[in-house]
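The values are calculated or read from the model by the stated rules, or taken from the named source; none is laboratory data. Given the structure is predicted, the values throughout are model-derived calculations rather than measurements. A quick note on method: Cβ atoms are made from the backbone with ideal geometry, for glycine too, and the neighbour counts reach across all protein chains shown.
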Amino acid sequence: MQILVLGAGQLARMMALDGLPLNLELRAFDVGPGKVVHPLSGDSYEQSLSQAIDWADVITSEFEHIPYDVLETCEKSGKMYPDARAIKAGGDRCQEKQLLDEANVANAPHVIITDRASFEQALSKLATPMVLKSARAGYDGKGQWRLKSMEDAQALWQELAAFLEANPHQAIVGEKMIPFDREVSLVGARTHDGSIKVYPLAVNHHYQGVLNLSIVDGKQSEALEAQAQQIFEAIANTLNYVGVLAIELFVVGEKLLVNEIAPRVHNSGHWSQQGAFVSQFDNHLRAVANLPLGDTQLRTPTAMINILGQDEVAPDIYSMPGTRVHWYGKSKRPGRKMGHINVTAQDAAQLIEQLNVTAKWLPREQYPGLHEYLENS
Ligand code: ATP
Ligand code: MG
Ligand code: MG
């Protein structure tokens, strides 16, 4: 079977790697230059988008910020999973909020801000502290503002007004700042016939808006796992979703609030390459290719450490027990996601020990989230 992936980054690459044993052939559409490329070598096929659509049995996506005209062209072929609605909901926070309300799942109280009057409304409904996010094109905490106290509201409005004027097709979503205990994510898959399998919850540690570390050690309560699965089912069924879907959540006491969704495989699911029998990439391809889903259970407690802005790690990391290094083949840029390290152990306590050993080879300046986590645990 032949699969076209919209987007040609590391997620398409890791899909292609896991597609080989399933006899699935992948090509990637690099949206920027509008080129069809090999997802591993990056070599270009002399193929237009419409030729690639004809070539493909199935079209899927590795990111949500896809121009609407490309989405529509793909949707028309009847081969795209997940469909355009799901991808738009992941790429536009206004549509995302609408979806969460339709699916009836708890999320942060919010107001959509398009002008001065709606900004005032946000102030009176949400008060402070408040998080403000551009509706489109945000990732890694980019396109966000924080309002800590009412005193700063007028100065912030000047900034927001300038942003709205420069971006006439944008809106801003104001959200109540949630005093969460921790952040988790649920990655799961839904098939054409509506069957669902989810992975265990990952606990995520961000540093300056960027994911640094995900831990999956099976220590989240059964009640929380069950609640997360219900939320997943509600959202995936509302969308009639096919493929892997990731949901970022805030944990407040024993209650979950949805932060955002990603209609694709997700950074916080990379642990599944070593920590589960069947990875998120493998299960995504199975879902869209109409194959049965594989085992999503935790095989072994796993931590995933993002490698940001570095193109090498100490050689000792490669020989660490239970450890795998994954590179994305990208050129080095400050802060860029270059690869990740999966560290596995027999149990949760041993995982911490193992991470402490690993952290000796990963300097604090480059791995602040990891060190912060270890200091607090
Ligand atoms: P991603 O790279 O995950 O797509 P993003 O740019 O889409 O990130 P969000 O996930 O919405 O941004 O926000 C980034 C981080 O900011 C969250 O992981 C969380 O730590 C914090 N945050 C976002 N919204 C809220 C909120 N309503 N209350 C408290 N913290 C928040
Ligand atoms: Mg996001
Ligand atoms: Mg996020």
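Worth a mention:
- Pairs are defined by a Cβ separation below 9 Å, a sequence spacing of at least 6 or placement on different chains, a first member in the range 351-375 that is touching a residue at least 60 places away in the same chain (Cβ under 8 Å), and a second member that is in a helix (DSSP H, G or I); the pairs so defined are TYR367/ALA359; LEU370/LEU355; LEU370/THR358; LEU370/ALA359; TYR373/LEU355.
Yes/no matrix, rows are residues, columns are (1) within 19 Å of the chain's Cα centre (by Cα); (2) over 29 Å from ILE178 (Cβ atoms); (3) within 16 Å of ligand 2 (Cβ to nearest atom):
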site: VAL265; (1), (2), (3): yes, no, yes
site: SER279; (1), (2), (3): yes, yes, no
site: THR302; (1), (2), (3): yes, no, no
site: ASP311; (1), (2), (3): no, yes, no
site: HIS326; (1), (2), (3): yes, yes, no
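- Which numbered condition LEU213 fails, given (1) under 29 Å from GLN346 (Cα atoms); (2) touching a His at 6+ places or on another chain (Cβ under 7 Å); (3) within 16 Å of ligand 2 (Cβ to nearest atom): (3)
- Residues in the range 267-295 that are closer than 24 Å to VAL343 by Cα, of a type outside the set (Val, Ile, Thr) and surrounded by fewer than 23 Cβ atoms within 10 Å (Cβ to Cβ): ASN267, GLN273, GLN274, PHE277, GLY294, ASP295.
- Residue check, VAL251 within 16 Å of ligand 2 (Cβ to nearest atom) and either on the phi < 0 side of the Ramachandran plot or in a helix (DSSP H, G or I) (or both): no
- Hits in the range 103-145 (condition: away from ligand 2 (no atom under 16 Å from the Cβ), touching a Leu at 6+ places or on another chain (Cβ under 9 Å) and in a strand (DSSP E or B)): VAL111, ILE113, MET130
- Meets criteria (modelled with pLDDT under 95 and within 26 Å of ILE235 (Cα to Cα)) for GLY141: yes
- Conditions (1) more than 16 Å from ligand 2 (Cβ to nearest atom); (2) buried (at least 18 other Cβ atoms within 10 Å of the Cβ); number of the one not met by HIS169: (2)
- Candidates SER195, SER221, SER214: the one that is more than 19 Å from ASP140 (Cβ to Cβ), hydroxyl-bearing (Ser, Thr, Tyr), more than 10 Å from ligand 1 (Cβ to nearest atom) and in contact (Cβ under 8 Å) with a residue 40 or more places away in the chain is SER195.
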